[in-house]
Structure formats: C-alpha cells, structure tokens
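Please read the structure below before turning to the comments.
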Amino acid sequence: MSEENIEISWMVGGPAGAGVMRTGQVFAATLIYMGYYVFGTNEYPSLIRGGHNMYKIYARLGEQVYSQLDLVDLYLALDKLAVERRINEIRENGILVYDSDEVRGLEKKRDDLYYFPVPMRTITRELKVPIVTRNMAGLGASAYILGIPFEYVEKAIRRILPRYIDENIKVARRGYEYAEEHYEGEKPKPLKIGEYKPKLFIDGNSATAIAAIKAGMKLLAAYPITPQTPLLEYVAQHADDYGVVAIQAEHEIASILIAIGAGYAGVRAMTATSGPGLSLKTESIGLAAMAEIPLVIVNVQRQGPSTGMATHQAQGDLMFSVNIGHSENTIVVLAPGDVEEVFYYIPESFNIAEKYQLPVIVLLDKYLAESHYTLDAIDYLRNVRIERGPILSEKDIEEMKKRGEEYLRYKITETGVSPRIIPGTRGALFRCEGSEHDEHGYYTEKPERVTAMWRKRFRKLETLLRELREREFPLVKYYGYPPEETDAVLVIWGSVKGPVLEALRILRNEYKLGVLQVVLMKPFPDKEVLDILTRAKQVVDVENNYTSQLARLIREETGYHIEKRINKYDGRPFNPVALSKQLREVIG
C-alpha cells in the first residue's frame, strides 16, 4: 500500500470450486465503488475441484491500472495449500488472513507478517447460512483491516453475486465485526475514498464476444477449450438476445468448417480456439484462404506445445499464426494488447475479412482473455463501421449481362479483390474451389494461370497494407519518450503491454523509456517498425515466450536484429516489479 493510501494490492487463494474468482470480483467491485481503477487476474489448475486457485487485484484511486503487482498487502487464504503456495507473495510487514477452521497447525514461516485467523466456517454455522458463503467472512475482515466502510462491501455483493445475496451480506458483516473485535495487528491507514463513477470491469473473452456481436457477427462455431471456453459460453448465453447462432461443434475441425460454410453463404462468422485447436484448424484455414472466404479466427494462446499447461499463460503462437498451414497462405494476423484494443480490433478484423475475402487470425492469450480490466463507462463500440467489400446484387448482374460481361468469381483485379455474390443471387453461377483454379473457379495446372492467381491473392495483402496506412489505422502503437530521447525502446506485443506500462511507471524517475507495440503482424508494418527502432539508442524485446518470436519476425521482415531480450516462459505473465529489475540489468 502506498504512503498516500491510494493504491492496494490484494489476493485471495483457495481450492477450485470454492468461489475464489467470485470473491475476487466482489472485492474488485468494492474498490470500484470507492473510485478505484482495478486490474484483476487469476490462476487455476486444470481441475474442477481441488488444487489451488488464485485471484489477484491491484487498484489505484482515480488512475488507470494496467496489470497486477508482484506482492500483495493483504492475502486471504481459504485453505492450507493456499497459504503454502503463496505466502511469499505477501509484501514485508503484510497481512495474512486465513480460515482458522480450515487451516490448522499453521507453521508461521515468516516473522515479518501478521497472521489473522478468522473462523469462517464457524461463522456460517452460527448464522445458519450455506457453507459456500464463508469466503465473505474473510472478505469482510479484509475490508475492516484496510479501513473500507462496510457499505461498499454490501453494494459489491449485491452487484456481483447471483444468489444467497442476503446470506453473503450477513457473513461479510460478521467477518467485518469479528476483525473489529479481534484484530490486534498494526492496521494500515484507511484507504482513501474517491468519487464513484460508473466503470466497466470486464475480461478479454467477454469483450471479444461483445465486440464481435456489435460488429455484426451472426454465427460463432467453436469447441470448448481452455482458456477460450468463456468466450463461447458468453455468446451462447446472449445469442437469442442478438439474433446470433452459437454452435458448440463436435470437434475443432467441424467448428471451423461450419464457420467457413457460413462465410461462404454471406454470413459474418467467427470461430474461436486455443493453440491445440488452432493446429487442428490449420488445413481449413488454407481452404478459406484459397477459396477466398471471409473468416475470423480468435486464438486464445496458452502454454504448450501438446497439452502443455492448459490453464496458463504464453505467447507462443505468433510465428505459427503468421506462417500457418502448408505452402503460403494469404491471411491477416492482429494482436490486441488489452480490452480497449479488443473493442477496436475485433470489429476491424471482420471488416478486413469481408473486404479482402480471407481469414483473419486475432491473437489473444490467457492473461488478456481472463484478466479483468477497468475502463471508463463509455460506449467503445458506438461508432462501429461495417464494411463488407464488393458484393454484387441481382441488378449488378443484370447490368453486366447487358454489357456482355460474364461474372467471374475469382476475377483478376488490380487490388486482388474479386467482387463476390451471395449464393442464390439470381442470374449468376460460380464455383467455389479449394484447389488451384482459374477466374471461373475451375481447377487448373496451367503455369500462367497459376502464377496469375497467386499474384492476385497476394496483392490483397499489399492493397490492405496500403489502405490501412492511408487511413492511419494503428498498425503499431508507441508510448513514452520519443525514440531518439530514450535510454531504450521496449518492443512488445499482446498482453505484455500491461506489465510493461506498469514497469515504466516504476522506472519513470530512473530512465527515459519508450514502448513500441506491434499490433498488425501480417502483413507486417516494416516501415513503421523500422522508423522507430532505427532512431532508438538501444532496443529491448520483451515477450512471454522462449524464442523471442516478435524479434524474429522483425528481423525476418526488416533485417533489424534485436540483441537485448527479456523472456518469460514459465506459464505466468510478467510482474512489473520483477520486470523492472530485469530492465535495469539489461539497459545498464
């Protein structure tokens, strides 16, 4: 906790199935009602019950928060395993609140902590309420210790919890009173209370679903896979409200083929998955590219390969995505870095897919998809543009016939984009072909026609990049000091953005730093990247993978070699304080 008492880092841990995530969300909502911006992230094993779950929060009063912190001021532990796993993530002189009914014979391994036992199960028995409400006793105790008025806890419970609302409030109040009666440690100064303004507190999966629906998506076909599954669940829950079809297919291959079929029929369609599922979808992505069918694919990356660590963080699919499939594919790859960017780039991905008639892969990751971000409550999707590209109507076909023109589905054009028709449009027939073909869609092996069609398809990427530059589409983003004034420029992509921006805040009095975030991965914005890197005194690449995949892509596309690199590949996101230490060592 800061000396000004305007920031707090808090964590809850316990077994899967014990409501750890909900407890964290209630505490986050409590802080939001007090005027704080909150970032919340989780960690959990691939288990339905048991094991260890964690939800960690970092909050600041009146100022945006971009990631969690390494250490917490107060830790609420719901069982003994939670204590053992995370006791070293409490800051010096911090506070451990734990369920004394569940954690018995606790060995106090750290003398610098204050240990506060709360009989959470006993409280639920005394109040004659369901045992599932016990977490609120620990949350109430946390609130008292941190000087949070109970009214904010009550508001949060009413907002977040779906059932046993009155019972949960009773338990939280009793935990608050218990701490008031029994807590004997040094209390931090009460958290300052600011002005409450409505805010969004939303995870990346939900934001992706909302943005896709707002962009006109009418079909989502997917197969459940961690950490993508909540995206599918969100769309399925709200499908009837927005006229969307949500299909849980029998497997990954079926899901993408359903989406391709919908795209062929003129429907805005999306499929979503994680790394192993993207591997299974690979051949079908090639089909969509060759047949020039619009398709959006969301890939929520996780630690791999094989099954890897199904519920943990990584950024290992970048090179796989830009080079996906056998041979050479005309695809687009985008990588937003936070929820606000998800709201922007998901609708753009649908426009690009339809205008240029190709697959667009949007790279998220576990950290971005499942963490919760606080945003000001404005309509980020108010002015969504829907651009479908050249689609010929029956009237257009009639006019062509009058001019003696024949409709060609794969007509060779200067832009590489051929006008398409929706199947069933009167007056025109066409073949949709997944093998190499001529302008009519008939299979061909003739060298001159093969060459012409390859050039046509790849011209789409050239046209797209030119169009994006002309309308100043954010291919890359830059933060901090101008490149030539920096001690170093940090190169990042995806959700690494959050911890890096927090690290910049930590180092703001030590270094002048800049951050280059690459968003468009294919076609690659070589001019924009080189313009910044060649002006920097030194460059440091920061990635959540082992092989520095963005640095490799930059060298491949521009020839610029980044020597200094910081990599994290243990299945966890970067922590800003630890990252700051690494940056000090690397920058010098």
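The values are calculated or read from the model by the stated rules, or taken from the named source; none is laboratory data. Just so you know, these numbers come straight off a predicted model, no measurement behind them. Here the Cβ positions follow ideal geometry from the backbone for every residue, glycine too, while neighbour counts run over all protein chains shown.
Checking the condition in the same structural domain as Leu579 (by TED's automatic domain parsing), buried (at least 23 other Cβ atoms within 10 Å of the Cβ) and over 16 Å from Phe574 (Cβ atoms), which residue from Val529, Val539 passes?
Going through Val529, Val539 in turn, the sole match is Val539.
Filter segment 304-317 down to residues that are touching a helix residue (DSSP H, G or I) at 6+ places or on another chain (Cβ under 6 Å) and either surrounded by fewer than 24 Cβ atoms within 10 Å (Cβ to Cβ) or closer than 18 Å to Leu465 by Cβ (or both), then give me how many there are.
1
From the list Ile256, Ile247, Ile225, which one is assigned to a helix (DSSP H, G or I), among the hydrophobic types (A, V, I, L, M, F, W, C) and either on the phi > 0 side of the Ramachandran plot or crowded, with 17+ Cβ neighbours inside 10 Å (or both)? First the steps, then the outcome.
Working: Ile247 fails: assigned to a helix (DSSP H, G or I); Ile225 fails: assigned to a helix (DSSP H, G or I).
Matching residue, one of Ile256, Ile247, Ile225: Ile256.
Return yes or no: is Gly261 over 22 Å from Gly216 (Cβ atoms), surrounded by fewer than 24 Cβ atoms within 10 Å (Cβ to Cβ) and at pLDDT 95 or above?
no
Condition first: assigned to a loop (DSSP other than H, G, I, E, B) and either surrounded by 16 or more Cβ atoms within 10 Å (Cβ to Cβ) or of a type in the set (Lys, Arg) (or both). Now tell me which residues in segment 562-588 satisfy that. Reasoning before the result, please.
Applying the first criterion (assigned to a loop (DSSP other than H, G, I, E, B)) to segment 562-588 yields 562-563, 568-575, 588.
Across segment 562-588, the qualifying residues are Ile562, Lys568, Gly571, Arg572, Pro573, Phe574, Asn575.
List the number of the failed condition for Glu433; all other conditions in (1) touching a Gly at 6+ places or on another chain (Cβ under 9 Å); (2) in a loop (DSSP other than H, G, I, E, B); (3) exposed (fewer than 15 other Cβ atoms within 10 Å of the Cβ); (4) not hydrophobic (A, V, I, L, M, F, W, C) hold.
(3)
Scan (1) among the hydroxyl-bearing types (Ser, Thr, Tyr); (2) over 22 Å from the mean Cα position of the chain (by Cα); (3) surrounded by fewer than 23 Cβ atoms within 10 Å (Cβ to Cβ) for the single condition Thr282 breaks and write down its number.
(2)
Going by the structure shown, is Leu392 closer than 30 Å to Glu341 by Cβ, surrounded by 14 or more Cβ atoms within 10 Å (Cβ to Cβ), touching a residue at least 24 places away in the same chain (Cβ under 8 Å) and not basic (Lys, Arg)?
Taking the combined requirement at face value, the residue does not satisfy it.
Would you check which residues across segment 228-253 are among the aromatic types (Phe, Trp, Tyr) and closer than 19 Å to Arg302 by Cβ and list them?
Step one: of segment 228-253, the residues among the aromatic types (Phe, Trp, Tyr) are 234, 242.
Correct list: Tyr234 only.
So, in segment 162-171, of the ones that are closer than 24 Å to Leu200 by Cβ and at pLDDT 95 or above, which residue ends up surrounded by the fewest Cβ atoms within 10 Å (Cβ to Cβ)?
Applying the filter and picking the extreme gives Ile165.
May I ask you to list the residues in segment 458-493 that are within 30 Å of the chain's Cα centre (by Cα) and over 24 Å from Gly337 (Cα atoms)?
Step one: of segment 458-493, the residues within 30 Å of the chain's Cα centre (by Cα) are 458, 460-483, 486-493.
Hits for segment 458-493 are Phe458, Lys460, Glu462, Thr463.
Name the single residue that is farthest from Leu530 (Cα to Cα) among those in segment 445-488 being part of a helix (DSSP H, G or I) and hydroxyl-bearing (Ser, Thr, Tyr).
Here the answer is Thr451.
Results for (1) at negative phi; (2) in a helix (DSSP H, G or I); (3) outside the structural domain of Asp338 (by TED's automatic domain parsing); (4) touching a Lys or Arg at 6+ places or on another chain (Cβ under 9 Å), shown as yes or no for each residue.
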site: Pro230; (1), (2), (3), (4): yes, yes, no, no
site: Thr271; (1), (2), (3), (4): yes, no, no, yes
site: Lys281; (1), (2), (3), (4): yes, yes, no, no
site: Met290; (1), (2), (3), (4): yes, yes, no, yes
site: Pro305; (1), (2), (3), (4): yes, no, no, no
site: Gln313; (1), (2), (3), (4): yes, no, no, yes
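When you go through Pro499, Pro482 one by one, which is the residue that is of a type outside the set (Val, Ile, Thr), outside the structural domain of Ile331 (by TED's automatic domain parsing) and surrounded by fewer than 18 Cβ atoms within 10 Å (Cβ to Cβ)?
Sole residue among the options that is of a type outside the set (Val, Ile, Thr), outside the structural domain of Ile331 (by TED's automatic domain parsing) and surrounded by fewer than 18 Cβ atoms within 10 Å (Cβ to Cβ): Pro482.
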